[in-house]
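*Asks:* Next up is a structure, given as structure tokens.
Every read-out reported here was derived from the displayed coordinates using simple, explicitly stated rules and does not represent laboratory data. Keep in mind that what you see is a predicted model, and the values were worked out from it rather than measured. Positions of Cβ are generated from backbone atoms using ideal geometry, with glycine treated the same way; all protein chains shown enter the neighbour counts.
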């Protein structure tokens, strides 16, 4: 009995103490509170892994396994060095003090749940769905952004929000990163061992995102659906091959200057989400769903939804015809460009791939 | 009976101590400062001391396999370690699984810190600290200096069934990872709310 009295007294005293500190929020305070996603900024960031073969601590190794050569012997792919740092790292050899911010306070990396009805005007395969979105910093209006590939630039020069080193003379290391791999492929016959190095200088991934949403019973595929925008911009990509320590007796460098890749996978607005699933027999199955054919219930139509045999708008269902026109004009497209391809001191000029649209893609893995 | 009195006396003395607690007034509270943040170190290990292995031991040769206690390095263990299977399809779709298989080894880290931080004009964000950032409170996760892997490995695979013991099991290993050594890191991860869902 005494115990109960004691416990009750203690509990009451605890309650009375803490409750006094809680106060109701006023209407005006409540209006400042909004439901939010999560924003991430990496501040003064650097990461490096280094195998023993390239000067790391004794016993360090980082291997990718599961690859076999034509004689079914294991091929060991070891990551001699991986780094992600601030710019000016001299291909990963001068990392001290080379720090980078990933994301800005006013344009961070975000993890958010979006309303599918507010994306692409409420149409497409995410209608009435919640969409999980993981996004890198966004692209901005050219007046507020920076050139996406230049190693130094000032505000108003492009659409990337990540700033290069010392942008506008602010003395700040910015949000562009150096990244690279030095990889050794080691075979059973060690005379065949190969070193391959890849470096990206002053790079950013602004505008990239991964959006994921579920399917319902009316969908042709029950797999999880996604739309991916994979942007990678770099002032220069450098490939070379050296001895297995990654730095001596290197061959000529192959360089891609002002590299810009905007890879669009899936286009939910036009019912073309990308799906990745595993088949009943355990094989990987990747699809970009086919563009709906004329007459498909999902394609808007005025009457029949048919397209004339000559392909002209006259004679076709105008609403459907314009929907396809909109797809080819405004649908998501892949662009890749390089301003100058160099091999050693030779220059091979620019090359680009613009406006690639995927209308249907299906890949299934097979056992070999 | 004596024991009961003894308990009673102890309890009364505890109650007497409780009386020493008093509500703090606002002035008193203002003077109290708490240490902000925590520092964490951690270690995750799989099968470090071995576990029951059901694999290739078939003592009488007639088919039924026997469980033995052993470590992943033991010869009979052709498969060993933790397995994580995920299926993202509904039951009407294809029935395969994504798998992280044969996870074993150890990961450890030291010096992960978590604290709240107010962005002020003295912070360096290339001007953003004066723009949107000033006065904003963020969760600062100080990344550990080193993440240490000790013979840490796993395979990424696709599989027809959740478990290797299920009927009709086939599995394709896409690639594996085998890490030993330290990964060096520096910097902070700042977490704060954003967006308009």
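*Asks:* Go ahead and set up a Gaussian network model of chain A, Cα springs under 10 Å, then flag whichever of A:191, A:159, A:334 fluctuates most.
*Replies:* Among A:191, A:159, A:334, the largest mean-square fluctuation in the Gaussian network model of chain A belongs to A:191.
*Asks:* Wrap a convex hull around the Cα atoms of the stretch A:248-368, take a quarter of its surface area, and give that in square nanometres. All intermediate terms of the calculation are to be shown ahead of the outcome.
*Replies:* Values: hull surface 52.9 nm².
For the stretch A:248-368, averaging the hull's shadow over all directions gives 13.2 nm².
*Asks:* Please rank A:77, A:278, fewest neighbouring Cβ atoms within 10 Å first, as an exposure proxy.
*Replies:* Working: A:77 18, A:278 27.
The most exposed by this proxy come first: A:77, A:278.
*Asks:* On to the next question. Take every Cα pair under 8 Å in chain A that's 6+ residues apart, average their separations, divide by the length, and report that relative contact order as a whole percent. Display every interim value, and only then the final one.
*Replies:* Working: 864 pairs, mean separation 42.5, N = 368.
Once normalised by length, the contact order is 12 percent.
*Asks:* Taking the Cα atoms of the stretch B:75-187, what is the range of coordinates along each of the three principal axes, in descending order and whole Å?
*Replies:* 63, 40, 20
*Asks:* Using the number of other C-beta atoms within 10 angstrom as an exposure proxy, rank A:281, B:158 with the fewest first.
*Replies:* Numbers: A:281 16, B:158 22.
Ascending Cβ contact count within 10 Å gives the list A:281, B:158.
*Asks:* Compute the Rg/Rh shape ratio of the stretch A:300-364: radius of gyration over Kirkwood radius, all on alpha-carbon atoms. Walk me through the numbers on the way to the answer.
*Replies:* Numbers: Rg = 19.3 Å, Rh = 15.2 Å.
Ratio value, two decimals: 1.27.
*Asks:* Next question. Evaluate the relative contact order of the stretch A:112-157 (contact order divided by residue number), counting alpha-carbon pairs under 8 angstrom at least 6 apart; express in whole percent. Walk me through the numbers before you get to the answer.
*Replies:* Numbers: 46 pairs, mean separation 12.9, N = 46.
Relative contact order here is 28 percent.
*Asks:* Now, a different point. Taking every residue in A:100-106, how many Cβ atoms of other protein chains lie within 10 Å of its Cβ, on average? Write out the running numbers ahead of the final one.
*Replies:* Numbers: counts 1, 7, 2, 2, 7, 16, 7.
Going residue by residue through A:100-106 and averaging, the value is 6.
*Asks:* Return the Rg/Rh value of the stretch A:172-246, two decimal places, where both radii are evaluated on C-alpha atoms and Rh is the Kirkwood radius.
*Replies:* Numbers: Rg = 19.7 Å, Rh = 16.1 Å.
Here the Rg-to-Rh quotient is 1.22.
*Asks:* Calculate the mean, over all residues of peptide A:223-234, of how many other protein chain Cβ atoms lie within 10 angstrom of the residue's Cβ. Write down the numbers at each step before the final one.
*Replies:* On the way: counts 5, 4, 0, 0, 0, 0, 0, 0, 0, 0, 0, 0.
The shielding value for this peptide is 1.
*Asks:* Using the Kirkwood radius over C-alpha pairs as Rh, can you work out the diffusion coefficient of chain A via Stokes-Einstein at 10 °C, viscosity 1.306 mPa s, in µm² per second?
*Replies:* Details: Rh = 25.1 Å.
For the chosen part, D equals 63 µm²/s.
*Asks:* How large is the Kirkwood hydrodynamic radius of the stretch A:167-312, counting all unique pairs of alpha carbons, in Å? Write down the numbers at each step before the final one.
*Replies:* Values: mean 1/r = 0.0497 Å⁻¹.
Result for the stretch A:167-312, one decimal place: 20.1 Å.
*Asks:* Semi-axes of the equivalent ellipsoid for the stretch A:115-207, please: Cα gyration tensor eigenvalues, times 5, square-rooted, ordered largest first, whole Å. Walk me through the numbers before you get to the answer.
*Replies:* Details: eigenvalues 248, 145, 16 Å².
Three semi-axes, in Å: 35, 27, 9.
*Asks:* Which whole-angstrom value gives the distance between the alpha carbon centres of the stretch A:290-368 and the stretch A:160-180?
*Replies:* The stretch A:290-368 and the stretch A:160-180 have Cα centres spaced 35 Å from each other.
*Asks:* For peptide A:107-115, how many partner chain Cβ atoms fall within 10 Å of a residue's Cβ, on average?
*Replies:* Details: counts 3, 6, 2, 2, 3, 5, 2, 3, 2.
Rounded to a whole number, the mean comes out at 3.
*Asks:* Please give the Cα centre distance for the stretch A:229-273 versus the stretch A:88-141, rounded to the nearest Å.
*Replies:* 19
*Asks:* Taking neighbour Cβ counts within 10 Å as the exposure measure, how do B:169, A:232 sort from fewest upward? Spell out each step's value before the answer.
*Replies:* Working: B:169 13, A:232 19.
Result, fewest neighbours first: B:169, A:232.
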